[in-house]
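The values are calculated or read from the model by the stated rules, or taken from the named source; none is laboratory data. None of these values were measured; they are calculated from a predicted model. So basically every Cβ, Gly included, is an ideal-geometry build from the backbone, and we count neighbours across all protein chains shown. Heavy atoms of the whole protein, side chains included, go into the accessibility calculation; ligands, DNA and RNA do not. Shrake-Rupley method; radii C 1.70, N 1.55, O 1.52, S 1.80 Å.
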Amino acid sequence: VLANLPLQMMLYFNVYYFPVWFLLQLKYQLLPQHYQFLLVAAFLILSLAEGSRLYLGYVGNLQEK
């Protein structure tokens, strides 16, 4: 089975750097409450989409789909 090595490397590093991106949002407490709610909602949606994208990328790349 041949896998695309550059794609697999990008997926691997994205798994470890995606949580770091969340930690960079340190100004959360300075935002008004309605923006805090929108930010949390956007992060949840983005986390679900990113997690499924990474999983499907791993499976698809390793199975050549």
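Structure notes:
- Where a residue in segment 38-65 is loosely packed, with under 13 Cβ neighbours inside 10 Å and its partner, wherever it lies, is of a type in the set (Lys, Arg), with Cβ under 8 Å and at least six apart: VAL59/LYS65
- Of all the criteria given as (1) in a helix (DSSP H, G or I); (2) surrounded by 10 or more Cβ atoms within 10 Å (Cβ to Cβ), the one not satisfied by ALA3 is (1).
- Selection count where residues are open to solvent by 100 Å² or more (accessible area, probe 1.4 Å) and either touching a residue at least 60 places away in the same chain (Cβ under 8 Å) or not in a helix (DSSP H, G or I) (or both), scope segment 12-37: 3
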